[in-house]
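Asker: This is the structure, below, for whatever I ask next.
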Amino acid sequence: MTGTALLFLVLGLGLIGWIAGRARAAAFVRSAKGGPRGTVNSLPYYHGWFVAICAIAPALIFMFIWQSISPSLVTNMVLSAPAAADLPQEGFARAAILSEARAIAQGFQATAFQDGSEKLVPLYEGALSYYKWIGVAATVLLLFAGGAFAFTRIKPDFRARSKVERVVMFGLLVASLIAILTTLGIFASLIFESWRFFSMVSPFEFLFGTEWNPKSVVTPGADNGYGAIPLFWGTIFIGAIIAMIVAIPLGLMSAIFLTQYASASVRKWMKPILEILAGVPTVVYGYFAALTVAPAVRDFAVMLGVSNAASDNALAAGIVMGVMIIPLVSSMSDDSIAAVPSAMRDGSLAMGATKSETIKQVLLPAALPGVVGGILLAVSRAIGETMIVVMAAGYTANLTANPFATITTITVQIVALLTGDQDFGSPHTLAAFALGLALFVTTFFLNYVALRVVKKYREAYE
Amino acid sequence: MNKKDGNVGVTPGIAKISTRNVNVYYGDKQAINDVSIDVDRENVTAFIGPSGCGKSTFLRSLNRMNDTVAGARVEGQILLDGEDIYASGMDVVQLRARVGMVFQKPNPFPKSIYDNVAYGPRIHGLASGKAELDQIVESSLTRAGLWTEVKDRLSESGTALSGGQQQRLCIARAIAVDPEVILMDEPCSALDPIATARIEELIHDLRGKYAIIIVTHNMQQAARVSQRTAFFHLGHLIEFGETSDIFTNPREDRTKDYITGRYG
């Protein structure tokens, strides 16, 4: 019996439990009809759900746990057999033989290549089937135990409804915890790998060094070319300076137009289009930046008389990134301008202020915290953006403020470090984690500040 | 006086604001029906009537604040010193400098107290220097009865004041541009009785300097602060006259019913 079949069996039996529970409850609901109010606590289908949940949940949890512990039980059983005694003791060869024997036993592989794996195959077959049937039996047993327990509790005054409600709440709680736990897990793995990196390369060099030219073999104490300052600068220059010079004015002006000047009909088609812009895949922006904007910017630079303009220049990547960010800035600003009480606007208009005076002097100052929050979120989005810079910004670390030069960013270097032909423990690969950690901490901080700013502002008006 | 609808409020003589056969529509819905009224400069005029009777709508059309409402349309003539304020040559900015407004809910800008009062003079270029602006701010706050309370904290935010103080700040803000008319749209409805009493006192003090029109739900308030009262019902002006007459000896049954609390 395969895992999938077992899963269907569990679900099928759960469905039977549901039907049975519901039918049993329906019987006493019928008989209680016409009697005093409140003798039956819950509707029949709540009883059905109660039985189904009691049957399925323990079985599924057991299946999940069994899935993760049975492989080691199987291995232990194989190793305890006399035929396994003459296996090599060293880790690598031993593990290779074991995994090959297991693969043959499971039918994933046809013939053996390693010496000594052939004779382990029957052992594996036996152990696998032994533990599989234990698992199946235990699952089905749990299912029936849970179902029977629930079924016996079905009585007119049993509060199946509140029990089911609690399970629903618990399910929702688990769903929301998964996102949080994933974040924590990612953070922990970043910290762990970065720790390994910093045991090879000094954090001081990484954080303050100005030369990025990572060597694949590091010498402790020497300069290994892991100075990340040019990357930090490149990231800030493209994501927080050039992109924001494009996105802040355009986003803000479009928000002002949409909230204050556009008629309802114009707003109705313009706002969705602007929001579609936010849904364009960034790789498409990447093409656009690399194939259209970058050459145009270089030609423009040459026209201005800049001789060393590169075709993969910072300006092109920054401009396109700014365009990508416009909808984010615009919709956050739009929300916060719209949230300014209209009494404020009326007050200013009633003083004889024009529309633009009102916007400049009353609406924008009042909406400023929300706008700033939106801009911080936009910055954090921009510095984490990868595709555009990978395609348009180039790979050469360069500590320069010349927008026509090639500049690289943290995300580009992470891609470069991880796509190389390096083993997992090499300083190159680990450096990618350290860069990732730096990026994670920065964007996390920006998001935190942005949310705080926005929240504080909301409190001021409600 | 002619009792025919549309001539109820016509008073012979010089009026500050006079309206003739004004209709106001919100989209298809008619909110004001054929209202003609003359408001003079020397007195405080109260607009009373049950909720939804159109008195606030009518007030807002006197400084063209209805322009900001999508779908709102005004027909008929509204004259300020004999000039049609809906004529194409009329500059709304100028008009609103002449006809100031105080709203139902205090709405100070999220700026300092000083900047709140200086807002209008700055926009209209009324002060030629810092000293003159200081002077305008001080005299406006003094007239609004707020100067002694805030003179030491002019740089604090206007939104940090109490509700009553905020409303007086809004009045100071309105009089800082030296308007000819001040429209007040239920200025005390968000305030406690003590703050209300201070605003009413203030209205007394301002009487004669500005033509004041106050919309109120509170009939005692209308009786206390106004010299003339207009009663609106379902978009019509039912009766207009001396406040004392309206309250003691109304000509119309509907006015009498409303004043005696039979509806509204």
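Asker: Select from the stretch B:99-113 the residues that are among the basic types (Lys, Arg) and either farther than 25 Å from residue B:61 by Cβ or more than 7 Å from chain A (Cβ to nearest Cβ) (or both) and list them in ascending order.
Answerer: Listed by number, the list holds a single entry, B:111.
Asker: Looking at the stretch B:114-131 only, could you name the residues that are among the aliphatic types (A, V, I, L, M) and facing chain A (nearest Cβ under 9 Å)?
Answerer: Once the filter is applied, which keeps residues that are among the aliphatic types (A, V, I, L, M) and facing chain A (nearest Cβ under 9 Å), the stretch B:114-131 yields only B:123.
Asker: For the list (1) within 23 Å of residue A:439 (Cα to Cα); (2) of a type in the set (A, V, I, L, M); (3) free of Cβ contacts under 8 Å to residues at least 12 places away in the same chain, I need the number of the one condition that residue A:278 fails.
Answerer: The failed condition is (3).
Asker: Give A:438, A:431 a once-over and let me know the one that is over 16 Å from residue A:318 (Cα atoms) and touching a strand residue (DSSP E or B) at 6+ places or on another chain (Cβ under 7 Å).
Answerer: Of A:438, A:431, the one residue that is over 16 Å from residue A:318 (Cα atoms) and touching a strand residue (DSSP E or B) at 6+ places or on another chain (Cβ under 7 Å) is A:431.
Asker: When you check residue B:230 against the structure, is it at pLDDT 90 or above and within 17 Å of residue B:255 (Cβ to Cβ), yes or no?
Answerer: yes
Asker: Cβ-Cβ under 7 Å, sequence separation 6+ or interchain: first residue in the stretch A:252-270 and within 12 Å of chain B (Cβ to nearest Cβ), partner part of a helix (DSSP H, G or I) and of a type outside the set (S, T, N, Q). Which pairs?
Answerer: From the stretch A:252-270, the pairs are A:260/A:355; A:260/A:359; A:262/A:270; A:267/A:258.
Asker: Please count how many residues of the stretch A:338-355 are facing another protein chain (nearest Cβ under 9 Å), of a type in the set (A, V, I, L, M, F, W, C) and assigned to a helix (DSSP H, G or I).
Answerer: Number of matching residues: 4.
Asker: A follow-up question, please. Might you check whether a residue that is within 14 Å of chain B (Cβ to nearest Cβ), touching a residue at least 12 places away in the same chain (Cβ under 8 Å) and among the β-branched types (Val, Ile, Thr) occurs anywhere in the stretch A:321-330?
Answerer: No, there is no match, as no residue in the stretch A:321-330 is within 14 Å of chain B (Cβ to nearest Cβ), touching a residue at least 12 places away in the same chain (Cβ under 8 Å) and among the β-branched types (Val, Ile, Thr).
Asker: Could you pull out the residue among B:111, B:29 that is more than 20 Å from the chain's Cα centre (by Cα) and over 27 Å from residue B:255 (Cβ atoms)?
Answerer: B:111
Asker: Pick out, from the stretch A:219-287, the helices (runs of 4 or more DSSP H) lying fully within it that include 1 or more residues that are among the aliphatic types (A, V, I, L, M) and surrounded by 20 or more Cβ atoms within 10 Å (Cβ to Cβ).
Answerer: Here the list reads A:229-235, A:243-256.
Asker: Taking the criterion of being at pLDDT 85 or above, assigned by TED's automatic domain parsing to the domain that holds residue A:26 and basic (Lys, Arg), would at least one residue in the stretch A:111-122 satisfy it?
Answerer: Within the stretch A:111-122 (the criterion being at pLDDT 85 or above, assigned by TED's automatic domain parsing to the domain that holds residue A:26 and basic (Lys, Arg)), the answer is no, since none of the residues qualifies.
Asker: Taking the stretch B:53-92 only, how many residues are under 18 Å from the mean Cα position of the chain (by Cα) and without any contact (Cβ under 8 Å) to a residue 12 or more places away in the chain?
Answerer: Residues in the stretch B:53-92 being under 18 Å from the mean Cα position of the chain (by Cα) and without any contact (Cβ under 8 Å) to a residue 12 or more places away in the chain: 1 in total.
Asker: Looking only at residues in the stretch B:55-98 that are within 23 Å of residue B:118 (Cα to Cα) and in a loop (DSSP other than H, G, I, E, B), which one is nearest to the other protein chains (Cβ to nearest Cβ)?
Answerer: The selected residue is B:63.
Asker: Considering only the stretch B:132-168, state which residues are over 12 Å from residue B:112 (Cα atoms) and touching a strand residue (DSSP E or B) at 6+ places or on another chain (Cβ under 9 Å).
Answerer: B:167
Asker: Filter the helices (runs of 4 or more DSSP H) completely within the stretch A:376-462 down to those with at least 2 residues that are of a type in the set (Ser, Thr, Tyr), assigned by TED's automatic domain parsing to the domain that holds residue A:335 and at pLDDT 85 or above.
Answerer: Helices (runs of 4 or more DSSP H) meeting the threshold: A:427-461.
Asker: Could you identify the single residue in A:236, A:242, A:273 that is touching a Gly at 6+ places or on another chain (Cβ under 7 Å) and among the aliphatic types (A, V, I, L, M)?
Answerer: A:242
Asker: Give all pairs with beta carbons closer than 7 Å in which a residue from the stretch A:222-238 that is touching a residue at least 60 places away in the same chain (Cβ under 8 Å) meets a residue that is of a type in the set (D, E, K, R) and outside any helix (DSSP H, G or I); count only pairs at least 6 apart in sequence or on separate chains.
Answerer: A:224/A:215
Asker: In addition: Kindly establish whether residue A:431 is touching a helix residue (DSSP H, G or I) at 6+ places or on another chain (Cβ under 9 Å) and either touching a residue at least 24 places away in the same chain (Cβ under 8 Å) or within 30 Å of residue A:363 (Cα to Cα) (or both).
Answerer: yes
Asker: Can you tell me which of B:190, B:211, B:195 is of a type outside the set (S, T, N, Q), modelled with pLDDT under 95 and closer than 21 Å to residue B:79 by Cβ?
Answerer: B:211
Asker: Between A:55, A:27, A:23, which is aliphatic (A, V, I, L, M), in contact with a Leu (Cβ under 9 Å, 6 or more places away or on another chain) and either surrounded by fewer than 17 Cβ atoms within 10 Å (Cβ to Cβ) or in a helix (DSSP H, G or I) (or both)?
Answerer: Answer to the selection: A:55.
Asker: With surrounded by fewer than 20 Cβ atoms within 10 Å (Cβ to Cβ) and more than 30 Å from residue A:370 (Cβ to Cβ) as the only criterion, which of A:434, A:397, A:393, A:401 stands out?
Answerer: A:401
Asker: Would you be able to say whether some residue in the stretch A:174-181 is farther than 19 Å from residue A:437 by Cα and among the small types (Gly, Ala, Ser)?
Answerer: yes
Asker: While we're here: Does residue A:334 satisfy being more than 14 Å from chain B (Cβ to nearest Cβ), touching a residue at least 60 places away in the same chain (Cβ under 8 Å) and surrounded by fewer than 24 Cβ atoms within 10 Å (Cβ to Cβ)?
Answerer: Here the answer is no, as residue A:334 does not meet what is asked.
Asker: Report the residue count in the stretch A:356-377 for those that are among the small types (Gly, Ala, Ser), more than 9 Å from chain B (Cβ to nearest Cβ) and either buried (at least 18 other Cβ atoms within 10 Å of the Cβ) or on the phi > 0 side of the Ramachandran plot (or both).
Answerer: Of the residues in that region, 4 qualify.
Asker: Quick one: is residue A:52 modelled with pLDDT of 90 or more and either closer than 30 Å to residue A:137 by Cβ or of a type in the set (Phe, Trp, Tyr) (or both)?
Answerer: yes
Asker: Separate question: Output the residues belonging to the stretch B:169-180 that are out of contact with any helix residue (DSSP H, G or I) (no Cβ under 7 Å at 6 or more places or on another chain) and more than 11 Å from chain A (Cβ to nearest Cβ).
Answerer: B:178
The values are calculated or read from the model by the stated rules, or taken from the named source; none is laboratory data. Predicted model, so just to flag it, every value in this text is computed and none were measured. Virtual Cβ from ideal backbone geometry, glycine too; neighbours counted across all protein chains shown.
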